[in-house]
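What follows is a set of notes on a single structure, which appears directly below.
The values are calculated or read from the model by the stated rules, or taken from the named source; none is laboratory data. This one's a predicted model, so the numbers in the text were calculated from it and none came from an experiment. Cβ: placed from backbone, ideal geometry, glycine included. Neighbour counts: every protein chain shown. These accessible areas exclude ligands, DNA and RNA; they are computed on the full protein's heavy atoms, side chains included. Shrake-Rupley method; radii C 1.70, N 1.55, O 1.52, S 1.80 Å.
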Amino acid sequence: MGQGLWRVARNQQLQHQGYAGQSYLSREHGRRIAANNVSNANHRKHAQGGIDIYHLLKTRKSKEQEGFINLEMLPPELSFTILSYLNATDLCLASCVWQDLANDELLWQGLCKSTWGHCSIYNKRPPLGFSFRKLYMQLDEGSLTFNANPEEGVNYFMSNGILDDSPKEIAKFIFCTRTLNWKKLRIYLDERRDVLDDLVTLHNFRNQFLPNALREFFKHIHAPEERGEYLETLITKFSHRFCACNPDLMRELGLSPDAVYVLCYSLILLSIDLTSPHVKNKMSKREFIRNTRRAAQNISEDFVGHLYDNIYLIGHVAA
């Protein structure tokens, strides 16, 4: 009985030494103490477990004490750089903690201009009480309105002084904005040909290969899903703009706007033929050259062959 009580007391003493030693002994030293007491295998397991839990709690406690970085303690330039990576939603959330920093006008101005590159109000003297944060909310609301009803969306921008009632200003806004629904935009441009004319003139196709220029054109002005008068209008306007941007090339190749129109139409038909899964017998390069040269006789075979290769390798020009 006495020997059993002595063993219990001795084990408790060893365990106490193993745990208390963590405050001033290293992990390896603690293991050495446990290894020397080979008479008690369970003691070694408990000591090892106590070491792991201790370090875990210590690390967790240190992290809780550190917390999040306080942006107000950093240099203003660094704080604004960090916040500039946030979108509008996250920036609003950040303003709950760092109100003065997150509500800075330069941050909201950057958000406005990165999403809506051109607005008439950017070039005007701001009215009393103007705020870029408020302007961002208005631009977002106007874009949502445009995507539901284009005419109402444009009227919203004008009524709030964001856009001037000018086809050129509306065209610049559309050209520099990527949040507008392309289907609604296509309907709007079909009805507002004056805005369409100014939008076409904003494109610069200088020194661009014809299929690549056509792709860029249809990124901003989406082609209709079916052939018709609107598609012919788009191709006609593009042909004249492409020739105006490349007068030297047109003289060298002997091309006119009418010839470019034929080439563009041929490229669209070729794109459909090569990319459509419903067309089993794809048009060959020889067939494309023969058909195109019948419509535009002054074009060289090499040039038409390069056109075919571009569509074959890169893909649709109006996707």
### Query
Out of (1) open to solvent by 70 Å² or more (accessible area, probe 1.4 Å); (2) among the hydroxyl-bearing types (Ser, Thr, Tyr); (3) under 23 Å from residue 297 (Cα atoms), what's the single condition that is false for residue 239?
(1)
### Query
So residue 86 fits all but one of (1) within 21 Å of residue 138 (Cβ to Cβ); (2) part of a helix (DSSP H, G or I); what number is the exception?
(2)
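Counting only residues that are touching a Ser or Thr at 6+ places or on another chain (Cβ under 6 Å) and free of Cβ contacts under 8 Å to residues at least 60 places away in the same chain, which one in the stretch 285-315 is surrounded by the fewest Cβ atoms within 10 Å (Cβ to Cβ)?
Taking the stretch 285-315 and keeping what is touching a Ser or Thr at 6+ places or on another chain (Cβ under 6 Å), we get 292, 304, 311.
Cutting the leftovers down to free of Cβ contacts under 8 Å to residues at least 60 places away in the same chain gives us 292, 304.
On the way: 292: 24, 304: 20.
The selected residue is 304.
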### Query
Among the residues of the stretch 88-99 satisfying the criterion of being of a type outside the set (A, V, I, L, M, F, W, C) and open to solvent by 80 Å² or more (accessible area, probe 1.4 Å), which is nearest to the chain's Cα centre (by Cα)?
89
#### Entry: Exclusive hit being without any contact (Cβ under 8 Å) to a residue 40 or more places away in the chain and more than 20 Å from residue 113 (Cβ to Cβ), set 195, 154
195
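Kindly indicate whether residue 214 is touching a residue at least 40 places away in the same chain (Cβ under 8 Å), more than 24 Å from residue 174 (Cβ to Cβ) and open to solvent by less than 60 Å² (accessible area, probe 1.4 Å).
Working: touching a residue at least 40 places away in the same chain (Cβ under 8 Å): yes; more than 24 Å from residue 174 (Cβ to Cβ): no; open to solvent by less than 60 Å² (accessible area, probe 1.4 Å): yes.
So residue 214 fails the test.
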### Query
Within the stretch 110-123, can one find any residue that is among the charged types (D, E, K, R), out of contact with any Asp or Glu (no Cβ under 8 Å at 6 or more places or on another chain) and in a helix (DSSP H, G or I)?
yes
### Which numbered condition residue 208 fails, given (1) touching an Asp or Glu at 6+ places or on another chain (Cβ under 8 Å); (2) more than 30 Å from residue 251 (Cβ to Cβ); (3) open to solvent by 20 Å² or more (accessible area, probe 1.4 Å)
(2)
### Task
Test residue 186 against the criterion of being free of Cβ contacts under 8 Å to residues at least 60 places away in the same chain, surrounded by fewer than 16 Cβ atoms within 10 Å (Cβ to Cβ) and closer than 26 Å to residue 151 by Cα, and give yes or no.
no
#### Entry: Options 163, 180: the member that is outside any helix (DSSP H, G or I) and under 24 Å from the mean Cα position of the chain (by Cα)
180
### Message
Take residue 71 and tell me if it is modelled with pLDDT under 75 and open to solvent by 50 Å² or more (accessible area, probe 1.4 Å).
### Response
no
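The rows are residues; the columns are (1) of a type in the set (Gly, Ala, Ser); (2) touching a helix residue (DSSP H, G or I) at 6+ places or on another chain (Cβ under 6 Å); (3) more than 23 Å from residue 202 (Cα to Cα).
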| position | (1), (2), (3) |
| --- | --- |
| 92 | no, no, yes |
| 98 | no, yes, yes |
| 106 | no, no, yes |
| 115 | no, no, no |
| 120 | yes, yes, no |
| 131 | yes, no, yes |
| 140 | no, no, yes |
| 150 | no, yes, no |
| 169 | no, yes, no |
### Task
Kindly provide the set of residues from the stretch 184-219 that are under 20 Å from the mean Cα position of the chain (by Cα) and not hydrophobic (A, V, I, L, M, F, W, C), ordered by number.
215, 216, 219
## Note on the structure
For the stretch 100-130 the number of residues that are under 23 Å from residue 80 (Cα atoms), touching a residue at least 24 places away in the same chain (Cβ under 8 Å) and surrounded by 14 or more Cβ atoms within 10 Å (Cβ to Cβ) is 11
### Task
Identify all residues within the stretch 91-106 that are part of a helix (DSSP H, G or I) and more than 14 Å from residue 137 (Cα to Cα); write none if there are none.
93, 94, 99, 100, 101, 102, 106
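Is it the case that residue 201 is over 17 Å from residue 299 (Cβ atoms), of a type outside the set (Asp, Glu), open to solvent by 40 Å² or more (accessible area, probe 1.4 Å) and in contact with a Lys or Arg (Cβ under 9 Å, 6 or more places away or on another chain)? It would help to see each step written out before you state the result.
Details: over 17 Å from residue 299 (Cβ atoms): yes; of a type outside the set (Asp, Glu): yes; open to solvent by 40 Å² or more (accessible area, probe 1.4 Å): yes; in contact with a Lys or Arg (Cβ under 9 Å, 6 or more places away or on another chain): yes.
For residue 201, the condition - over 17 Å from residue 299 (Cβ atoms), of a type outside the set (Asp, Glu), open to solvent by 40 Å² or more (accessible area, probe 1.4 Å) and in contact with a Lys or Arg (Cβ under 9 Å, 6 or more places away or on another chain) - is met.
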